[in-house]
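Student: Can you keep this structure in mind? I'll have questions shortly.
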Amino acid sequence: MGNNIPVGWAFGIINFVWWIGIGHAGTLISAILLLFQQKWRTSINRFAEAMTLFAVMQAGIFPVLHTGRPWFALYWLFPYPSTNRIWPQFKSPLMWDVFAVSTYFITSFLFWYLGLIPDLASLRDSSTGRWQRRIYGIFAFGWRGSARHWHHYKIAYLLLAGLATPLVLSVHTIVSFDFAVSILPGWHTTIFPPYFVAGAVFSGFAMVVTLLVPARRFMNLKSLVTIRHLEAMCKIMLVTGLIVAYGYALEHFVAWYSGNKYEYFVFANRRGIFVGNERAAANSPYMPIFWLMVFCNCILPNIFWFRFGRTNVYVMWASAILINVGMWCERFVIVVTSLHRDFLPSSWAIYKPTWVDLTLFAGTICFFGTLFLLFLKFIPAVAVSEVKELRHEIEHEHHTGILPPGSQEVIHETEMEGAKP
């Protein structure tokens, strides 16, 4: 791979952080919006949960490869009585990542699978093939839809939502500690945890929109995944994009205000704009990547201030793709520009990804897409039981005369007729 001195982290950590960020929207949509009783999550939570699992799987590939000897990964990372008196370094944030990401994946998988059980039982009952009934029956765990089953299901679903909610904040906070607890200029900053979390939600929702818009079009889900759902996600991207832009501005302000010439040099080198006579690195080779990041993450999301940007599927889809490009550029800027020019000019170097780096990254994107297409093929893409429940609740409110304004639109949007599993 293209790792070199001093850019030893290179593509491995860039792509790891990018994929972990993408996996944040699923837990946010599923857990936090469930606890806050946001009904608009119902038609999109299954997409987001599946995306979370597949993104975390891609993220896990890169640290294993980055260790250099993947067959020793478990040997090096997990605590055990060592005959060589060499123990894992639990003071390292890289060790914290192992436990945080694995806990996040297990909790997200249980939350996703629990929500699938009623729909798997429906597929078991409606399947005509013998082996299909057996396979769906095994994974449905004997679900019969009794009152006792639903009672335990609701309790377990809320408990897992409560467990998953802190993980949204903790996982990417711990990932940001990989950088923030170091003493390296450009990394040693307290703003990393909050704006890493905001950036993760930002990129996660962008990936949900990127996947959901084509699936909505080609799977005939327009009556379930409506413009109202997409508009709500665009609003969240707008809010988190503004938080990310504020984090960028604060980083550069603190670097200037601190008076630390090394910290100032790193951020001035990123943007290629220096104040005063310090122009030693104004010709930074990574300056175009920085300004592409600023455009995609700070300027472009402002289109969601306007209803046109939030309701036109072509505009929001193109914007979501560019936001994901911008968030990848952010990780590249953080890792590479903070490392490629060290304290000593004699150790300066330029990092260029090799064909191995690029093909590994492209391979994870293809692997992610394959898993998502298999998910759409064999598993209901929409939580059918939750949509039916929501529709019955609204119809009950309608018959009792306490129907809130605009709920007739919701009834139409949650119509199940003609929806493809």
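Student: Any residue that is over 28 Å from the mean Cα position of the chain (by Cα), assigned to a helix (DSSP H, G or I), at pLDDT 80 or above and under 22 Å from Leu34 (Cβ atoms) - is there at least one of those in the stretch 117-132?
Tutor: Yes, the conditions are met somewhere in the stretch 117-132.
Student: Tell me, which helices (runs of 4 or more DSSP H) lie completely within the stretch 1-74 with 3 or more residues that are under 16 Å from Arg331 (Cβ atoms)?
Tutor: 10-22, 45-66
Student: What do you reckon, is Leu184 in a helix (DSSP H, G or I) and either touching a strand residue (DSSP E or B) at 6+ places or on another chain (Cβ under 6 Å) or surrounded by fewer than 19 Cβ atoms within 10 Å (Cβ to Cβ) (or both)?
Tutor: Considered against the rule, which asks whether it is in a helix (DSSP H, G or I) and either touching a strand residue (DSSP E or B) at 6+ places or on another chain (Cβ under 6 Å) or surrounded by fewer than 19 Cβ atoms within 10 Å (Cβ to Cβ) (or both), Leu184 comes out as no.
Student: Of the residues in the stretch 300-322, how many are of a type in the set (A, V, I, L, M) and over 24 Å from Lys222 (Cα atoms)?
Tutor: Adding up the residues that qualify gives 1.
Student: Also, I was wondering about something else. Which of (1) part of a helix (DSSP H, G or I); (2) open to solvent by less than 30 Å² (accessible area, probe 1.4 Å); (3) of a type in the set (A, V, I, L, M); (4) over 25 Å from Val294 (Cβ atoms) does Val225 not meet, given it meets every other one?
Tutor: In the conditions (1) part of a helix (DSSP H, G or I); (2) open to solvent by less than 30 Å² (accessible area, probe 1.4 Å); (3) of a type in the set (A, V, I, L, M); (4) over 25 Å from Val294 (Cβ atoms), Val225 misses (1) alone.
Student: With respect to Leu116, is the statement that it is buried (at least 19 other Cβ atoms within 10 Å of the Cβ), touching a Phe, Trp or Tyr at 6+ places or on another chain (Cβ under 6 Å) and not small (Gly, Ala, Ser) true?
Tutor: no
Student: Further question: Having 2 or more residues that are surrounded by fewer than 16 Cβ atoms within 10 Å (Cβ to Cβ) and at pLDDT 65 or above is the bar; report the helices (runs of 4 or more DSSP H) wholly within the stretch 333-421 that clear it.
Tutor: 355-378
Student: A follow-up question, please. Taking the condition crowded, with 19+ Cβ neighbours inside 10 Å, farther than 19 Å from Ala10 by Cα and modelled with pLDDT of 85 or more, does Val175 pass?
Tutor: For Val175, the condition - crowded, with 19+ Cβ neighbours inside 10 Å, farther than 19 Å from Ala10 by Cα and modelled with pLDDT of 85 or more - is not met.
Student: For residues in the stretch 236-258 being out of contact with any helix residue (DSSP H, G or I) (no Cβ under 7 Å at 6 or more places or on another chain) and in contact (Cβ under 8 Å) with a residue 12 or more places away in the chain, which is nearest to Ile323 (Cα to Cα)?
Tutor: Residue satisfying both the conditions and the ranking: Leu242.
Student: Would you check if there is a residue in the stretch 67-89 being over 13 Å from Thr27 (Cβ atoms), at pLDDT 80 or above and in contact with a helix residue (DSSP H, G or I) (Cβ under 8 Å, 6 or more places away or on another chain)?
Tutor: No, every residue in the stretch 67-89 fails to be over 13 Å from Thr27 (Cβ atoms), at pLDDT 80 or above and in contact with a helix residue (DSSP H, G or I) (Cβ under 8 Å, 6 or more places away or on another chain).
The values are calculated or read from the model by the stated rules, or taken from the named source; none is laboratory data. Note that the coordinates shown come from a computational prediction; the quantities given were computed from them, not determined experimentally. When we count neighbours, we look across all protein chains shown, and the Cβ atoms used for this are built from the backbone with ideal geometry, even at glycine. The area values use the complete protein model at the heavy-atom level, side chains included, leaving out ligands, DNA and RNA. Shrake-Rupley method; radii C 1.70, N 1.55, O 1.52, S 1.80 Å.
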